[in-house]
Every structure is written in structure tokens, then in C-alpha cells.
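*Asks:* Sharing a structure here in C-alpha cells format.
The values are calculated or read from the model by the stated rules, or taken from the named source; none is laboratory data. Owing to the predicted nature of the structure, the values given are computational and were not obtained by experimental measurement. With ideal geometry, Cβ positions are generated from the backbone for all residues, glycine too; neighbour counts draw on all protein chains shown. Please note that ligands, DNA and RNA were not included when accessible areas were found on the heavy atoms of the full protein model with its side chains. Shrake-Rupley method; radii C 1.70, N 1.55, O 1.52, S 1.80 Å.
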Amino acid sequence: MLFGPKTASLRADKIIKKSDTPVLLIHGADDKDYPTDKYSIVSHFKEGCDNAEIIIRTSPDNSGHRNLLFAEDGTADDGIIEKINEFLNLSIK
């Protein structure tokens, strides 16, 4: 069985910490759905994680839950796209 009670209760933070796979987490500081200090994966990485790079978006234009990759005008935010590409270029070998 690929999905069931055991897999439904897995915690992403624990899996990421046990893995040696590089992980990029992008989270909004003003995310109301999953606040960074409560329910988000990021909240479990206060001490950091060797294989996870964490980017917290703080600009009012892109610090929520659904606007992380976009500028205020709705176009792609070149800065975050560049950071994602840097991570991928370093992580994929």
C-alpha cells in the first residue's frame, strides 16, 4: 500500500532531516494558512537542517501563502527565480 494510516501521519520535517537529499523551502513570513512559528515545516527547523535551505519571504508583496514567486504586478519575481535556479544548479549533479 502506497498510502494509508502510516504514510498519512508522516511528518515532512522528520523525513527531510533523515534524508541526504537537498531541499529548498520557501515560506512567507506573513503566511496566515501555515504561520512560520506554528504549523509550517519551517517551524520545525529553528536549529536549521544540514540538507535544507530555507528562504523566508518578507516583502508585503510576496510573503503570504500563495504569492511567493510573484511580484506585486503578478509577474514572476526574478530574484526568487534566480535563487531557485542557483539551488537547483548546485543540488542537481
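*Asks:* Mind listing just one residue for me: the one in segment 19-36 that is closer than 24 Å to residue 90 by Cα and of a type outside the set (A, V, I, L, M) and, of those, least open to solvent (accessible area, probe 1.4 Å)?
*Replies:* In this case the residue turns out to be 28.
*Asks:* Something else now. Output yes when any residue across segment 37-54 is in contact with a Ser or Thr (Cβ under 8 Å, 6 or more places away or on another chain), farther than 16 Å from residue 81 by Cα and surrounded by 14 or more Cβ atoms within 10 Å (Cβ to Cβ), and no when none is.
*Replies:* Among the residues of segment 37-54, at least one is in contact with a Ser or Thr (Cβ under 8 Å, 6 or more places away or on another chain), farther than 16 Å from residue 81 by Cα and surrounded by 14 or more Cβ atoms within 10 Å (Cβ to Cβ), which makes the answer yes.
*Asks:* Would you check if there is a residue in segment 55-67 being within 9 Å of the chain's Cα centre (by Cα), more than 16 Å from residue 11 (Cα to Cα) and open to solvent by 30 Å² or more (accessible area, probe 1.4 Å)?
*Replies:* Yes, because at least one residue in segment 55-67 is within 9 Å of the chain's Cα centre (by Cα), more than 16 Å from residue 11 (Cα to Cα) and open to solvent by 30 Å² or more (accessible area, probe 1.4 Å).
*Asks:* Next question, about the same structure. Give the residues of segment 11-30 that are under 18 Å from residue 83 (Cβ atoms) and in a loop (DSSP other than H, G, I, E, B), sorted by residue number.
*Replies:* 22, 29 - these are the residues of segment 11-30 that are under 18 Å from residue 83 (Cβ atoms) and in a loop (DSSP other than H, G, I, E, B).
*Asks:* For residues in segment 70-93 being farther than 23 Å from residue 21 by Cα and in a loop (DSSP other than H, G, I, E, B), which is nearest to the chain's Cα centre (by Cα)?
*Replies:* So, considering only residues that are farther than 23 Å from residue 21 by Cα and in a loop (DSSP other than H, G, I, E, B), the one nearest to the chain's Cα centre (by Cα) is 77.
*Asks:* Search segment 34-54 for residues being in a strand (DSSP E or B) and not acidic (Asp, Glu), and hand back the single one that is nearest to the chain's Cα centre (by Cα).
*Replies:* Checked segment 34-54; the qualifying residue nearest to the chain's Cα centre (by Cα) is 54.
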